[in-house]
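Here's the structure, in structure tokens; my notes come after.
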Amino acid sequence: MSLAPAHRLDVALGERSYPIHIGPGLTARGDLIREHLAGRQVMIVTNTVVAPLYLDALKASLGEGLDIREVILDDGEQTKHMASIGLIWDALLEAGFNRRCTLIALGGGVIGDMTGFAAACYQRGAAFIQVPTTLLSQVDSSVGGKTGVNHPRGKNMLGAFWQPRLVLIDTASLKTLPQRELSAGMAEVIKYGLLWDESFLSWLEDNMTALMALDETLLGEAIRRSCAIKADVVAQDETEQGVRALLNLGHTFGHAIETDQGYGVWLHGEAVGTGMLMAAELSARMGWLSSADVERVSHIIAKAGLPLAAPEDMGVEDFLKHMQLDKKNVDGRLRLILLERIGRAVITEEAPAGVLADMLEHWPRSSR
Ligand SMILES: NC(=O)c1ccc[n+]([C@@H]2O[C@H](COP(=O)([O-])OP(=O)(O)OC[C@H]3O[C@@H](n4cnc5c(N)ncnc54)[C@H](O)[C@@H]3O)[C@@H](O)[C@H]2O)c1
Ligand SMILES: O=C(O)C(=O)C[C@@H](O)[C@H](O)[C@H](O)COP(=O)(O)O
Ligand SMILES: [Zn+2]
């Protein structure tokens, strides 16, 4: 008999509710996946880095009697565009798959976001399952159903809300993850503490050194707590009409950096790390955070190995140009996620333009 996963959480969305299983070795638990397949037809979507590491194990665990195909995409954020979605659709049609097929995303957030988007549109909606293999995708992108691709003018500008049927998180897959990617994922973990749960932030401060050294028990706990917060927020506001926007803390600045520098030059998590510190500094200028609070944010972001300075060639106007296109804005008014205090984020249109511009002008810059 198979062992139970270490943790199970649920994203409560009525008839579209789904489980998140977290634990080491879950890539071998094809039985958990089989329960959620729409039919016999299975398309695994992965990339050239992840396929040699985990594709065979996943296929073997799915067992007999299925029609399993695969599409192996190029790697990287720069591949997160419509042409890659076309390749997934081509593979599905080539295989003759119908509406009762299931797409499985095996990889990081780029693969997860694209597989979900391809599934959302395929024959007006096919089932999909997330098997996330980076820290970032395990704590954030695999949960909540935001799917999509980038446009040269802006991050995630084309997409759909489309929920997976299952999120299967094998924490052992983090052993092969490069340290830079671990840091990037840690940015989104820190985000939950900053926006929702001060006690989680304190726990991260106490344990960051061990987490960055891949302590398995602590990482499992960080992933569980992160997914629990995300599942809670998404269950309250699936399509970002209100509270879900708080999950965008640091992203207005971060997406501006990613778009400006060219996708993949700054990792998403790196840009979010710097963006969260910028949000903290602006919150202090609004009179909400103290300078000790900002120092606290700066310290944990640095401890996770994330950059603090903005790109040296990005001026105030570059930031503002990208921020004007942000999806949260309403009728041309800039909406930001700032911190009222540590552990409590707010959506605001109140930041004065002059204060924002001054903050951006004096922000430290460096080359990468
Ligand atoms: N949908 C959401 O809610 C949401 C949330 C956060 C981020 N995102 C998106 O996620 C993307 C970033 O995801 P990411 O940080 O996972 O990047 P990624 O998908 O590019 O993966 C990072 C790198 O790690 C490699 N990799 C993956 N698993 C590995 C493993 N186990 N061992 C070794 N290498 C491995 C990948 O091939 C890639 O080179 C961005 O596009 C971002 O916009 C989406
Ligand atoms: O799930 C959410 O909601 C988030 O905002 C999570 C973010 O970490 C993630 O980067 C998301 O893709 C950003 O969404 P966008 O709507 O700002 O493109
Ligand atoms: Zn993010």
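Descriptive notes on the structure:
- In the set A127, A120, only one residue is touching a Leu at 6+ places or on another chain (Cβ under 8 Å), more than 16 Å from ligand 3 (Cβ to nearest atom) and either within 22 Å of R8 (Cα to Cα) or among the aliphatic types (A, V, I, L, M) (or both); that residue is A127.
- Residue in segment 87-94 that is part of a loop (DSSP other than H, G, I, E, B) and over 21 Å from S17 (Cβ atoms) present: no
- Which listed residue is within 17 Å of G305 (Cβ to Cβ) and among the hydrophobic types (A, V, I, L, M, F, W, C), from L166, L158, L177: L177
- Selection status of R40, surrounded by fewer than 18 Cβ atoms within 10 Å (Cβ to Cβ) and closer than 26 Å to V234 by Cβ: no
- Tabulated pairs, segment 237-249, first basic (K, R) and within 13 Å of ligand 1 (Cβ to nearest atom), second outside any loop (DSSP other than H, G, I, E, B) and at pLDDT 95 or above, C-beta under 8 angstrom, 6+ apart or interchain: R244/V233; R244/V234; R244/Q236
- All positions within segment 232-284 that are within 11 Å of ligand 2 (Cβ to nearest atom), touching a strand residue (DSSP E or B) at 6+ places or on another chain (Cβ under 7 Å), farther than 18 Å from D318 by Cβ and not β-branched (V, I, T): E238, A245, L246, N248, L249
- Residue check, E188 crowded, with 16+ Cβ neighbours inside 10 Å and touching a helix residue (DSSP H, G or I) at 6+ places or on another chain (Cβ under 6 Å): yes
- Check on D197, in contact with a helix residue (DSSP H, G or I) (Cβ under 7 Å, 6 or more places away or on another chain), away from ligand 3 (no atom under 16 Å from the Cβ) and in contact (Cβ under 8 Å) with a residue 60 or more places away in the chain: yes
- Residue check, S183 in a helix (DSSP H, G or I) and within 11 Å of ligand 1 (Cβ to nearest atom): yes
- Residue pairs whose Cβ atoms lie under 6 Å apart, sitting 6 or more positions apart in sequence or on different chains, and linking a residue in segment 341-353 that is in the same structural domain as E240 (by TED's automatic domain parsing) to a partner that is part of a strand (DSSP E or B) and of a type in the set (D, E), are V346/E340.
- Criterion violated by A160 - all others in (1) closer than 20 Å to A187 by Cα; (2) within 13 Å of ligand 2 (Cβ to nearest atom); (3) among the aliphatic types (A, V, I, L, M) satisfied: (1)
- Some residue of segment 126-141 being near ligand 1 (Cβ under 8 Å from one of its atoms), modelled with pLDDT of 95 or more and in contact with a Lys or Arg (Cβ under 6 Å, 6 or more places away or on another chain): no
- Note on segment 124-141: residues that are within 21 Å of Q236 (Cα to Cα) and within 10 Å of ligand 2 (Cβ to nearest atom) amount to 3.
- Scanning segment 74-113 for residues that are more than 25 Å from A271 (Cβ to Cβ), touching a strand residue (DSSP E or B) at 6+ places or on another chain (Cβ under 8 Å) and in contact (Cβ under 8 Å) with a residue 24 or more places away in the chain turns up I88, A91, L92, A95, F97, N98, R100, C101, T102, L103, I104.
- Residue in segment 152-169 that is within 15 Å of ligand 3 (Cβ to nearest atom) and not in a strand (DSSP E or B) present: no
The values are calculated or read from the model by the stated rules, or taken from the named source; none is laboratory data. The structure displayed is predicted, hence computed values, not measured ones. Virtual Cβ from ideal backbone geometry, glycine too; neighbours counted across all protein chains shown.
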